[in-house]
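The values are calculated or read from the model by the stated rules, or taken from the named source; none is laboratory data. Quick caveat, the model's predicted, so the values are computed rather than measured. Here the Cβ positions follow ideal geometry from the backbone for every residue, glycine too, while neighbour counts run over all protein chains shown.
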């Protein structure tokens, strides 16, 4: 165990490095995208905070540096400025960032990737280029690994993807992302609002006769033309809404009932939102299920308090489902959990010690066959902010302990449309 004197010395060293990083960032010019809802000063502060977290992590782990390659971590550490995502089916990026305990920072990758990133994404962030030919990390000796070891002077380096003899630390790095800074929250509000508006546009445009695949294409268009990249697209209609939980789009055509369920990303931040549309009046059983899902969702939100564990949430959820008349349904599908730079930073499971933190985002998704109440929320001390709630969608308040939680209802469209 580290002594008090050693620990104090380490913290002083971390503080000195943090000051060095801050002064270096102030000296450079960070280019803030025109639609990013933060100032240059706010973005610089965000990046400084994150670099300090990494420095503290390296000191605690006894590492000389950490190699960051996963898309979510590259986005996170650069304040959403950098995008190393090439293959959309993979979360492993095409270039890496190497952050050293002495305060130095490098981008490591093949020449073609770094040419773009250095000129566009990482300009002003103080990263030095260390490049190699596109084939040199695929042959022996591995040029990328040689560069890393040379920069580290053979000291231990962590990595967020398994790579050669570097120490795998992905699970240890992830918690650094959980508590959002003030500028991240500003960006998250934008992403939540825009994603919801895209989903609402889909729900108001779809017509009976459209296939799930056509609805998926429409959802992709509505998200992408707003500057969001979809990462999950689940579109279900009619019996598939009732029969399944994850509706990977098929050729089934809409008659009366549809769900539009998406995850969308911008600046690395991911929101989840789902909405339902029904053509014509709702059946009594569907109304009963919808009410239960809304009540359980409100209870999830009301109990999302700093210090509460995921295991405690699941213990309570078992009772909530039973009280709603659907005992055991909580076991049929996961109930969601923390969200942020991943669709789920962690899932709530029975017995889990994962803890809810202040300034952390969540996407709980209590599901009862055919209904789901689903938004992305932010825990802020003793109160919540619904990042995906909008004023142009039917909602209903559910009151818990004197507080109203506004739940999205099923959008009912003209029954005549459903008979076409």
Item checked: Answer from 93, 62, 80 - the residue that is touching a helix residue (DSSP H, G or I) at 6+ places or on another chain (Cβ under 9 Å) and on the phi > 0 side of the Ramachandran plot -> 80
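Kindly indicate whether any position in the range 372-381 is over 20 Å from residue 195 (Cα atoms) and crowded, with 18+ Cβ neighbours inside 10 Å. I'd like the intermediate steps shown before the answer.
In the first step, residues of the range 372-381 are kept if they are over 20 Å from residue 195 (Cα atoms); the result is 380-381.
From the residues that got through so far, the ones that are crowded, with 18+ Cβ neighbours inside 10 Å too are none.
So far as the range 372-381 goes, no, none of its residues is over 20 Å from residue 195 (Cα atoms) and crowded, with 18+ Cβ neighbours inside 10 Å.
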Notebook entry, point to check: Within the bounds of the range 66-77, is there any residue that is farther than 28 Å from residue 182 by Cβ, under 28 Å from the mean Cα position of the chain (by Cα) and modelled with pLDDT of 95 or more?
Noted result: yes
Notebook entry, point to check: Does the range 89-97 contain at least one residue that is within 23 Å of residue 135 (Cβ to Cβ), under 16 Å from the mean Cα position of the chain (by Cα) and part of a strand (DSSP E or B)?
Noted result: yes
Notebook entry, point to check: With (1) without any contact (Cβ under 8 Å) to a residue 12 or more places away in the chain; (2) assigned to a helix (DSSP H, G or I); (3) within 18 Å of the chain's Cα centre (by Cα) as the list, and residue 41 as the residue in question, which single condition is left unmet?
Noted result: (3)
Checklist line | Scan of the range 314-351 for residues that are over 21 Å from the mean Cα position of the chain (by Cα) and either in a strand (DSSP E or B) or at positive phi (or both), ordered by number | finding: 325, 328, 351
Next item on the list: Please enumerate the residues belonging to the range 49-88 that are closer than 19 Å to residue 118 by Cα and part of a helix (DSSP H, G or I).
Entry: 51, 71, 72, 73, 74, 75, 76, 77
Margin query: What's the number of the only condition in (1) in contact with a helix residue (DSSP H, G or I) (Cβ under 8 Å, 6 or more places away or on another chain); (2) surrounded by 15 or more Cβ atoms within 10 Å (Cβ to Cβ); (3) more than 19 Å from residue 246 (Cβ to Cβ) that residue 311 fails to meet?
Written below: (1)
Margin query: With the requirement that a residue be touching a helix residue (DSSP H, G or I) at 6+ places or on another chain (Cβ under 6 Å) and touching a residue at least 60 places away in the same chain (Cβ under 8 Å), what does the range 100-114 give you?
Written below: 101, 103
Next item on the list: Filter the range 364-419 down to residues that are at pLDDT below 95, more than 20 Å from residue 263 (Cβ to Cβ), touching a strand residue (DSSP E or B) at 6+ places or on another chain (Cβ under 9 Å) and part of a loop (DSSP other than H, G, I, E, B), then give me how many there are.
Entry: 4
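State which residue is modelled with the highest pLDDT when the search covers only the range 19-46 and only residues that are farther than 21 Å from residue 227 by Cβ and buried (at least 19 other Cβ atoms within 10 Å of the Cβ). First the steps, then the outcome.
If we filter the range 19-46 for residues that are farther than 21 Å from residue 227 by Cβ, which is where we start, we get 19-29, 41, 44-45.
If we keep only those that are buried (at least 19 other Cβ atoms within 10 Å of the Cβ) too, we end up with 21, 25, 44.
Numbers: 21: 48, 25: 45, 44: 96.
Residue satisfying both the conditions and the ranking: 44.
So how many residues does the range 121-180 have that are at negative phi, part of a loop (DSSP other than H, G, I, E, B) and without any contact (Cβ under 8 Å) to a residue 60 or more places away in the chain?
Keep residues of the range 121-180 that are at negative phi, which gives 121-123, 125, 127-152, 155-163, 165-180.
Next cut, part of a loop (DSSP other than H, G, I, E, B) only: 122-123, 125, 127, 133-142, 155-156, 160-163, 165-166, 169, 178-180.
Applying the additional criterion that residues be without any contact (Cβ under 8 Å) to a residue 60 or more places away in the chain yields 122, 127, 133-142, 162, 165.
Here the count works out to 14.
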